[in-house]
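Derivation of every value follows stated rules applied to the coordinates shown; laboratory data play no part. The shown structure was predicted, so the numbers you read here are calculated from the model rather than taken from an experiment. Note that each Cβ is placed from the backbone with ideal geometry, even for glycine, and that neighbours are counted across all protein chains shown.
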Amino acid sequence: METILFLTPTEAGSPLSKNALEALATTKQLADSLGTTFSVALWGDDPKAAADGIASCGAAKFLAVTGAEFAQPRYATDAAAAEALARAAAATIVIGPAGSRWNRVLAGVAHRLGGRADSHVTGLSVSGGVPAIARWYYRQRMEGILSRAQRPWVLAVESGIAPAWQGSPGSAAVETVACTPPATRSRMSGIESPPTDQQTIRPDADLLFVTGAGWTKKQPDGQVKTPEAEKLILGFLRLARASLGSSKSLVDLSGEGQATLTFLTHMNQVGQTGSTPRHAKGLSTCCHGEEPHTVGWRFVGERRAISLDPNCGWSRGKADVLYVADAFAVIGKVNELLAQKTGG
Amino acid sequence: MTNVDDPAIERPRMDADVVCVGFGPASGGFLTTLSRAILNEDGSTAIESPSAPGLPLQVLCYERADDLGFGVSGVVTRARGIRESFPDLDPAQIPMAAPVSDEKFLYLLDPVGASCRPALMRVADVAIRAMGGVLGVRDDAMELPWTPDFLAKHGGLVLSIGQFNQWVGQQVMGSGAVQIWPASPVGDVLVEKDGVVGVRLVDQGVTKDGKPTEGFTPGMDVHAALTVVADGPVGPIGRQLDKAFGIPDGHHTRDWAIGMKFVVDLPESCELEPGTVIHTLGYPEPEIFGFFYVHPDRVASMGIFVPSWFDSPARNAYKYLQHWMLHPAIWRHVKGGRLRSWGAKTLQESGRRGEPRLAGKGFARIGEGSGSTNVLTNSGVDEAWTTGVMLAEGVLELLKNKQPFTAENLEAAYVNRRRKSWVDKEGRVAERARDGFQRGIIPGLIGMMATGLTKGFLSLPGKSVPPHRRVPTFEEYYRGRITPEEIQAIRKESDAKGISSHAALMERAGWPAISFDGELLVSHQDALLLGGKVQAPDGYADHVEFIYPRDCESCGSKICIEMCSGQAIFPGENGRPSFDREKCVYCGACLWNCSKGNPKDSEKGLIEFHAGAGGLHSAEN
Amino acid sequence: MRVRAVCTRRKTKPMPEYQIVVCGSVVPDPLQTLEPVAGPTGPALKNEMMLPAWLDPWAGHALYEAANLAAKNPGSKVWLVALGPKAKLQQTMMTLAQKVPFELVALDGSASGFTDAAETATALAEAIQSIPGIDRSRLLVFGGWESASRGAGATMQIVGEILGITDQFQGVDGIAVEPDGSLKILERIEGGRHQVSICEAPPALLGWATGSLPEPRNNPQVGMANMRTIMPALQKAKPAKIGAEGITYHSVSLPKQARDTKVVKDLPPDQIAAEIVDWITNK
């Protein structure tokens, strides 16, 4: 019989994030499927607040490692806390929400416990009494479903598997687990953000707006219209509160002395060596014939595209709707209509 | 164009013993033979380096493409030279290789009625259809009862050149004796006094016009006692040597073809065995020959050759390739299959008559660019390989006897060897085989048969002229089928859209529109982008140069736009063609598809084709 | 009375000489068609040996950053510990060796995405420990934070654990050496932002994202120099048996991609815009 543990770091005084609550729900689902209970383990400066938020989740136990040294995201202290908690719970399956802080340590923690880790888990199921996970291989080109024999099995689960746990807060009976902060030569010193007027990546946006190289190429009238492109794109992002993704070629163009979009960096790149963002809707524009590797689009639900080429790669099975039109004209009008609607 | 001649640029220099330009079958043969002699079995040095004493012979090969496997063409070859180099060769070791199992020759009738056939052929078609039952006509094609001996490839191999090159590269590199560097285009050959002293790699960190940017890295000069030029039929280094040292009297390279092909996953219902070889002739135009080679695991390479003596200014391989594939005799094998990849390449069809100076002080030439292709049997791979082997044998002799690479020594050690070989003997038989095609398809076929059957004794004469002197205008070509006004209108519309005109013209001339199914029939750009397969690393100058752009403005035909395999050349401003490196597959068609002559060299057009990195990026070709 | 001038000099440490060991493997060229097939020992890629191989892209970035750091701190040295099928490593070296100077430690084994990260990590850690002259106080272990094959982000963490390095950073985009010799490191976190951390001194382990450097240009001189050591290293590649012990793959499949695309051709831009706005604003 498995011993299941939901494990996550906390931010001082804050309740758990949506991702964490989804992971909690996933954990509960697994426990139910296996006909067993689960426990909750948290660490940070003041995990009690977070624990109270999920007091009614049905966990058999609440465990915590508390202390100022465990507040900041840092390998040595996070791994030590997680290890202590997993040992205290004698967990055989450990589930945490995917995110930079947990992703940084889970494999190291699994190694310390003599088990194995799997990250980017997109599905969790039980087949024949045996838990199995789903995850993607080769940059989201193929999906594997697998089980492991080794224990503990430490997982980082992506959002989207189960709806976030909802329930009334209360007072959780938290057991403190002792953990001596290990010696470390590292400390977090701050956070760097891109300037706010250039904040184009919005992971929680409903819509992903992807720009292709066609925005900076010569238009049908023979002109290159980069300043206008910038204005239209930034305007759309603001009005639609969308997140910006880009094709590789458009990001690469900055090295070629061509007029480029100044706000684009490789952080915006979607697919291949870029990211695989998760959004309900995605709108691709000016793909310029680039093969839309749906690698980056794997987790985008509804897909539409605007391209002047009716035979471009989107037109066959890759998009729900392809509008054969000039993106400059369409987005210009879209921005107008959105501005009317939102009064912005 | 490049900063080559700017003496102010300081270039780093490196010294080696032998430097090769290009990695294909010819370099494969050369390096395989050479590398085996450089080191002893125990890894100690057998041939010491004159340029780096204490080290083994320093041999470098620079290849333009991203990787060694990115060549183009499915081939069928008798593989005589290749088998001599690899006596224990098991085709199963080389991906996509299969021994030839069956060979067929199909004459394709015209199912669509748009093909431009000479009267004699139309008569023959009618007769063939009438006697269809007796002649075994099926799916609008007649199978020839036998394959002429000179074309037959019995005992041969069906290969993917990409996979073959990769495999050879692995063997050669595995020896540890030779270095092969992909993604390293050679821009210029270094000539000093009366000989070649090495090569210069292409400048990096420049704009598309060749102007230095912040990241400017001048191409390195690599000096070597011997420069082996194996850069193929459209290689710029070969052309530089021709310019510097002249070509033999009476020789020319006026005859070309574009080979364009698909690699297809055949449907499960296909019954063709691996090693099946099918040659076709007659459709979509009589001048266009086709080929279909079956690899293992139900994969096939298939395509067409569009020759320079097919006198249409709207010639373009892609549309014709699709129509060819739709011919019932071909379609019945592929319907339900899936397109895997695509590619195109120029073939040198002048054969031995296109042979340049094979060797001189400090240099030697091998492979297709050295005129080794046999234009009677339509084979080039094994011939190229063997010229490489022969050069290596000669080089090893000279090294052993500590003789320098002078013109006389290379003549004796390499050229003489080549003259005595089957490559040259059979090349001489083939030399006039295709002359008849200069006059038309029927004289050409008759001439080829005559030459083949009499082993070179008989041939039908025909004088070739540079392509720009034979290609007609659109109005001339379409006379009687499309009016000049309509042609004008179509071309104006295409220009405005920035696309070529041949698709619209072909449709107007009766070719049915092709509806794409996303499996086998896709748009030209989709074929190019199948899996994202054309690369254009930044920092390199455009390698296709329009030498006198003002003259392009007034050009009526602009066949460069029509013929570009990747649609990389397209209508630009003021009537000048534009070039998009991101679509160029380095086929070299633009080199011989210019309708204007170069005032400074009557053999050439107005487009120069330099060295560059990137291009087609597929290992299955 | 003697007056003594008192000089205050800011104490800066002498320039550090790093030993940077980069771990990286080969992945199939991402621009080729990849399809899973059932192999004798588990899932594999169709025609895997035919597919051209590149160095994993993030490992590539790690290597270029390593070379950059080494160049700025003379006396530093870069190793690449690469595990993959020997023929594929050789192929990769042809393109990689021209980029930056490094010494190769080659391990001949499977680089399949379906193998277990823990087994790969064990082989890599062993190889690192066997490099003669490794000095922990100067050691930086670099790698890609994830691979383009397995994409787990696990291997480097385990390597770190085996080597006893608990100053680990993932999703790194930048490293800078401060005047006092400490390392300022930028890691990607949510929302397009970076966490800034200070690590006082090596040893440290960095799993790189893309970093900030462009791909170095091909330099034949670097290539020639590299090949002198790379060729022998390839010949001497130690076999490494890498599998997927304990893993049962129930299935590996390609996602179903085909949607029924509606191609809208003849609507004027204004109408298209209205349709799009409708689509965006409705939940």
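Identify the residues of the stretch B:311-338 with backbone N under 15 Å of a label point that sits 7 angstrom from the Cα of B:Arg138 along the Cα-to-Cβ direction, or state none. Within reach of a label on B:Arg138, which here means backbone N under 15 Å from a point 7 Å along Cα→Cβ, the stretch B:311-338 contributes B:328-334. Anisotropy class assigned to the stretch A:1-119 is oblate, per the alpha carbon gyration tensor with a/c at or over the 1.5 cut-off and a/b no larger than b/c. For the set B:Lys104/B:Lys583; B:Lys558/B:Lys604; A:Lys217/C:Lys265; A:Lys318/C:Lys88, the pairs lying more than 24 angstrom apart at their alpha carbons are B:Lys104/B:Lys583; A:Lys318/C:Lys88.
With a Förster radius of 25 Å applied to the beta-carbon distance between A:Ala164 and C:Thr281, the computed FRET efficiency rounds to 0.60. Summarising the amide proton neighbourhood of B:Asp67: residues at separation of 5 or more, or on other chains, whose placed amide H is nearer than 5 Å comprise B:Ala183. Each Cα pair under 8 Å and six or more residues apart adds its sequence gap; the mean of these over the residue count of chain B is a relative contact order of 19 percent. With Cα atoms as the point set, chain A shows a radius of gyration and Dmax of 23.1, 70 Å.
Cβ crowding within 10 Å, taken as a proxy for footprinting-reagent exposure, orders B:Asp66, C:Asp278 from fewest neighbours to most as C:Asp278, B:Asp66. Residue-wise HN-Hα couplings along the stretch C:153-168, as the Karplus relation 6.51 cos²θ - 1.76 cosθ + 1.60 with θ = phi - 60° gives them from phi, are x, 9, 4, 5, 4, 5, 4, x, 4, 4, 7, x, 9, 10, 9, 10 Hz; Gly and Pro carry x.
The label point for B:Gln403 and the one for B:Thr473, both projected 7 Å from the Cα toward the Cβ, are 5.8 nm apart. Normalising the Debye intensity of the stretch B:284-352 to I(0), with uniform scatterers on Cα atoms only, and taking log10 at q = 0.16, 0.21 Å⁻¹ returns -0.62, -0.99. Seen against the Cα atoms of chain B and their longest principal axis, helix B:441-453 is set at about 50 degrees. Quick one: helix A:226-240 against the long Cα principal axis of chain A, what's the angle to the nearest 10°, folded into 0 to 90? Helix A:226-240 sits roughly 40 degrees off the main axis of chain A. Quickly estimate the mean residue ellipticity at 222 nm for chain B, helices only: each DSSP H run with n ≥ 4 gives -39500 (n - 2.57), and the total goes over all residues, rounded to 500. My calculation for chain B gives -7500 deg cm²/dmol from helical runs alone. Can you tell me which lysines have their Cα less than 27 Å from the Cα of B:Lys402? Leave out same-chain residues fewer than eight positions away. Straight-distance partners of B:Lys402: B:Lys193, B:Lys361, B:Lys420.
Rg/Rh for chain B (Cα atoms only, Rh after Kirkwood) is 0.96. Nearest 5 is fine: what % of DSSP beta bridges in the stretch A:12-134 come out antiparallel, could you say? Percentage antiparallel, nearest 5: 50.
Averaged over its residues, how many other protein chain Cβ atoms are within 10 Å of peptide C:78-87's Cβ atoms?
Going residue by residue through C:78-87 and averaging, the value is 1.
If R0 is 56 Å, the Cβ-Cβ spacing of B:Glu48 and B:Ser602 corresponds to a FRET efficiency of close to 0.70. Local charge for A:Ser39 was computed over the other residues whose Cβ lies under 12 Å away, with Lys and Arg +1 and Asp and Glu -1, and equals 0. Shown for A:Cys57, C:Cys23: other C-beta atoms within 10 Å of each C-beta, ranked fewest to most, produce the order A:Cys57, C:Cys23. Between A:Val130 and C:Ser137, the simple spin-label model (points 7 angstrom out along Cα→Cβ) gives 5.1 nm. Enter the Cα centre distance for the pair the stretch A:34-71 and the stretch B:98-124, rounded to the nearest angstrom. Each part's Cα centre sits 78 Å from the other's.
Hey, with R₀ at 56 Å, roughly what FRET efficiency would B:Ala114 and B:Asp88 work out to, going by the Cβ-Cβ distance, to 0.05?
Once the sixth-power term is evaluated, E becomes 0.65.
For chain C, rounded, prolate or oblate, judged on the Cα gyration tensor with a ≥ b ≥ c (square roots of eigenvalues), a/c < 1.5 rounded, else prolate if a/b > b/c? Oblate. Taking other C-beta atoms within 10 angstrom as a stand-in for reagent exposure, B:Thr217, A:Thr37, C:Thr92 fall in the order A:Thr37, B:Thr217, C:Thr92, fewest first. For chain A, the longest principal axis of the Cα atoms and the long axis of helix A:327-342 meet at an angle of about 60 degrees. Just to be sure I understand: of the beta bridges DSSP finds with both ends in the protein assembly as shown, what percent are antiparallel, rounded to 5? Counting only bridges with both partners in the protein assembly as shown, antiparallel ones make up about 50 percent. Computed over chain A with a Gaussian network model linking Cα atoms closer than 10 Å, the most mobile of A:Pro310, A:Pro15, A:Pro131 is A:Pro310. Which lysines have a Cα lying under 24 Å from the Cα of C:Lys184, excluding residues fewer than 8 positions away in the same chain? Result set, ordered by chain and number: C:Lys11, C:Lys13, C:Lys72, C:Lys77. With an a/c value of 1.5 or above and a/b not larger than b/c for the gyration tensor axes a ≥ b ≥ c computed over the alpha-carbon atoms, the stretch B:1-91 is described as oblate. The stretch C:48-94 to the stretch B:360-383: how many Å between their Cα centroids? So the separation of the two Cα centres works out to 37 Å. Computed as a quarter of the hull surface, the mean projected area of the alpha carbon convex hull for the protein assembly as shown stands at 55.9 nm².
The separation of the stretch B:589-621 from the stretch B:169-245, counted between C-alpha centres, amounts to 18 Å.
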